[in-house]
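The values are calculated or read from the model by the stated rules, or taken from the named source; none is laboratory data. These numbers come from a predicted model, not from an experiment. Cβ placement follows ideal geometry from the backbone for every residue including glycine, while neighbour counts extend to all protein chains displayed.
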Amino acid sequence: MSADDDTEQQNDESVPDVEPAAEVEPTADLEPTTGVEIDKSAGGIDGSVAPWRRVKVIPLVLVLALLAAGGLAAWLYYFQYRPDEQTDAAVDPSAVDAARDGTVALLSYKPDTLNQDFAAAKSHLTGDFLNYYDQFTKQVVTPAAREKAVTTTAQVVGAAASELHPNSAVVLIFVNQATTSKERPDPAMASSSVLVSLTKVHGTWLITKFDPV
């Protein structure tokens, strides 16, 4: 046997026998089970979403956000800021004071001075509410007040502007009212709250609505 034959024999003995591996067939169980199908044709080689597709979403969201913010700013400017900007700093206390004085005048009267009391109250009113108050006091309040000697006294214990515009306002009034009569000489106390709507007529705040709440 030659040296070449010995070398070839040694090489053959050093290599272990390896059985051929069984062929593995792909199965559907190896796919992700997230319930979301991946469109590999739309992404990279590994099926991931291409970066340029993700980047496009962000500018679109920013544009929508900017449009929404712009619309909100415009609404606040035209419906909130501009009326406040056009409202004089002295309007707030003057409107509240007018609502206070008008409420006291409306809810206070004595049987001996009905005409004067109602005339004073009407000086704080305007529009349809003035017509209603005039008719109501003549037809309902005056006969009852004179017959039963009804006296009412109102006191405003709190007031705050609910709405405020250059020529209109709504003021929330908290009022206590004491009522006496010939049949009940001891004062009957009542507390209530009223939304007083006002409008400016020739520079003077006048009451247009008087709504208990």
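Results, tabulated for the structure shown:
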read-out	value
Residue list for the range 167-184, restricted to those being within 23 Å of the chain's Cα centre (by Cα) and under 27 Å from residue 111 (Cβ atoms)	173
Answer residue from the range 161-171, given it is part of a strand (DSSP E or B) and free of Cβ contacts under 8 Å to residues at least 40 places away in the same chain and is nearest to residue 151 (Cα to Cα) among those	170
Single unsatisfied condition, residue 182 versus (1) assigned to a loop (DSSP other than H, G, I, E, B); (2) surrounded by 15 or more Cβ atoms within 10 Å (Cβ to Cβ); (3) of a type outside the set (S, T, N, Q)	(2)
Helices (runs of 4 or more DSSP H) contained in the range 110-158 and holding at least 1 residues within 18 Å of residue 175 (Cβ to Cβ) and in the same structural domain as residue 198 (by TED's automatic domain parsing)	114-122, 127-136
Identity of the residue in the range 196-213, over 14 Å from residue 97 (Cα atoms) and part of a strand (DSSP E or B), that ends up modelled with the lowest pLDDT	212
Hits in the range 185-195 (condition: more than 23 Å from the chain's Cα centre (by Cα) and in a strand (DSSP E or B))	188, 189, 190, 191, 192
